[in-house]
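FYI, it's all coordinate maths here, none of it is from the lab. Quick caveat: nothing in here was measured; it's all calculated off a predicted structure. FYI the Cβ positions are ideal-geometry reconstructions off the backbone, even for glycines, and counts take in every protein chain you see.
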Amino acid sequence: MRRRGALPIGALFLLAASSAGCGGARPEVRVGSKKFTESVVLGEIATQVLRSTGTRAAHRAQLGGTQVLWHAILAGEIDLYPEYTGTIRADILRDGGAGGDDASLRQALAAQGVGMSGGLGFDDSYALGMKEDDAARLGVARLSDLRAHPDLKLAFSEEFLNRADGWPKLRERYALPQTRPRPMDHDVAYRALAAGSVDLIDLYTTDAEIPFYKLRVLEDDLGVFPKYRAVLLYRLDLPRRIPSALPSLSVLEGRLSAKEMQRLNARAKIDRVPEPAVAAAFLSGALGIEAAAAGEGRAARVAARVAEHLALVAASLGAAILVAIPLGVVAARRRRLGTAILAVAGVVQTIPSLALLVLLIPLLGIGTLPAVAALFLYSVLPIVRNTVTGLSGIPRPLLESADVLGLSSWARLMKIELPLASPAILAGVQTSAVINVGTATLGALIGAGGLGQPILTGIRLDDIDLILEGAIPAALLALLAQAIFAGVGRVLVPRGLRLRPDA
């Protein structure tokens, strides 16, 4: 039910599923959050409220954008996550059967097995903003004023650029002349604006950066942007599985003002206080709920992320070797079929990694399994191609000598062809290993952990130390992979075929 149609792939990557819980433990509420600070803070608040009442809860933080979280909750990979009514209407339901009130939203969501809580108390709508000094100099106070400044440099997040309630609607309603906004990560856009690289960006009205960078929020004088009231979306089967969950969370309804949310965002983004500590302080001060914010030393954190990263790479690369080398043998012996195999592997290689991860969510959910599956698919082409190249480059007289000796096809393959092709095959495996180490960092966007986790957090918080905490070990792992396969080559490749006589 949860992973319909995924059994064959799931069997192939059984090793990667070892992180999934089993046994007779009490059921756990899985809370998700998007990859921006406010969502992470709200997810942590919900998680700590649940724990304070004795409910087991885990927070799968910064999983990506709206569609990642929505597919995850539909697939049963998470039980609830913070969302906004404007996003539900425009980006999830796309106004399909949902009217303007909460009752209509709940009815449309219920048809897909999802419920919606009451409002958390604040509205976090889209807005556009620019530096106060620039806005005053140009005389820009309202969105309508942008018509007089067609040369402004715009930078918007991908979601805002493509959502029906974002830039397309805004440009049409205001007849704006700006035609080429630059796509840019939301957190990076603030820093680009501060540096003067862009003039105008999209904002969330509770962003901590608005007062920090002294920005002017432009008035939406035509009322284009809808309300984005913060709510929790949850699976409708949650009350049956864990009856205490929703009553526990009802304490949050109406308790967060926009000003308070902006303050919490500032604590996390500007003051660099970890989100668990921000959530615990809010719950203690505002609601009298004492929640523990677990701490973790840097060494232990890095070690855990490296172990997760290695598990992703090892599982995906091992599966790729088992599949790709036989495919390469088939492709080398049957040229027409080989052309098709290389073509399919090449097409898969051209799919953007993030898009592939999202495409796998309906089949495999979120977490380790889809990340390993995506990495496996990216690993296949270099190994297949190098296997074909190595086998095709064997001199014909050597193969004829094997036939004269009466070797069977299998014996010829194992004793002559694969040993002769081993330098090329190992080069393909080495290439796949290095690609995997880098691409595995994106697994953090779907809850797979690894060294992408500190990189994503560092980008979000503008924290160079956190970025390096993920980037440096990832680079070292890539160098380690090269060294390991160089050593494997000394063992597996016949001495006469090595690149250096003394190797």
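Size descriptors for region 316-388, from the alpha-carbon set: Rg then Dmax equal 12.8, 38 Å. Taking all Cα pairs closer than 8 Å and separated by 6 or more residues, the relative contact order of region 298-497 comes to 27 percent.
Helices in the chain, meaning DSSP H runs of at least 4 residues, each add -39500 (n - 2.57). Divided by all residues, the mean residue ellipticity at 222 nm is -17000 deg cm²/dmol. Ranked from largest, the principal axis spans of the Cα set of region 298-497 equal 67, 37, 19 Å. Please go through the residue pairs 34/269; 131/153; 34/169 and name each one whose alpha carbons sit more than 22 Å apart in this structure. 34/169, as the Cα separations exceed 22 Å there.
Shape call for region 178-321 from the C-alpha gyration tensor, a ≥ b ≥ c root eigenvalues: rounded (a/c under 1.5), prolate (a/b greater than b/c) or oblate? Since a/c reaches 1.5 but b/c is at least a/b, the shape of region 178-321 is classed as oblate. Count Lys and Arg as plus one, Asp and Glu as minus one, and take only other residues whose Cβ is under 10 Å from that of residue 450; the net charge is then 0.
A protection proxy built from the mean count of other Cβ atoms within 10 Å ranks the segments 160-173, 31-44, 430-443, most packed first, as 31-44, 430-443, 160-173. Only bridges with both residues in region 126-217 count here: give the DSSP antiparallel percent, nearest 5. So the antiparallel bridges in region 126-217 amount to around 65 percent.
The calculated Kirkwood hydrodynamic radius for region 126-217 is 13.0 Å, given to one decimal from all distinct C-alpha pairs.
Cα centroids of region 240-272 and region 400-460: how far apart, whole angstrom? Between the Cα centre of region 240-272 and that of region 400-460, the gap is 45 Å.
The fraction of Cα-Cα pairs per 20 angstrom bin, counted from 0 for the chain, comes to 20, 47, 25, 7, 0 percent, rounded to whole percents.
A simple packing score, the average count of other Cβ atoms within 10 Å per residue, orders the peptides 336-347, 449-460 as 449-460, 336-347, with the highest score first.
Rounded, prolate or oblate for region 24-80? Axes are the square roots of the Cα gyration tensor eigenvalues, ordered a ≥ b ≥ c, and the cut-off for rounded is a/c under 1.5. In terms of gyration-tensor shape, oblate.
With everything on Cα atoms, drop me the angle between helix 452-461 and the longest principal axis of the chain, reported from 0 to 90° to the nearest 10. That works out to roughly 30 degrees. What angle do you read, to the nearest 10 degrees and between 0 and 90, between the alpha-carbon axis of helix 37-52 and the longest principal axis of the chain? Its long axis makes an angle of about 90 degrees.
Kirkwood radius for region 241-307, taken over all pairs of different Cα atoms as the inverse mean of 1/r, rounds to 14.1 Å. Only beta bridges with both residues in the chain are counted; by DSSP, about 60 percent of them are antiparallel. Sorting the segments 357-364, 394-401 by their mean number of nearby beta carbons within 10 angstrom, highest to lowest, gives 357-364, 394-401. The rule of thumb for compact globular proteins, 2.2 N^0.38 Å, goes into the C-alpha radius of gyration of region 120-163 1.39 times.
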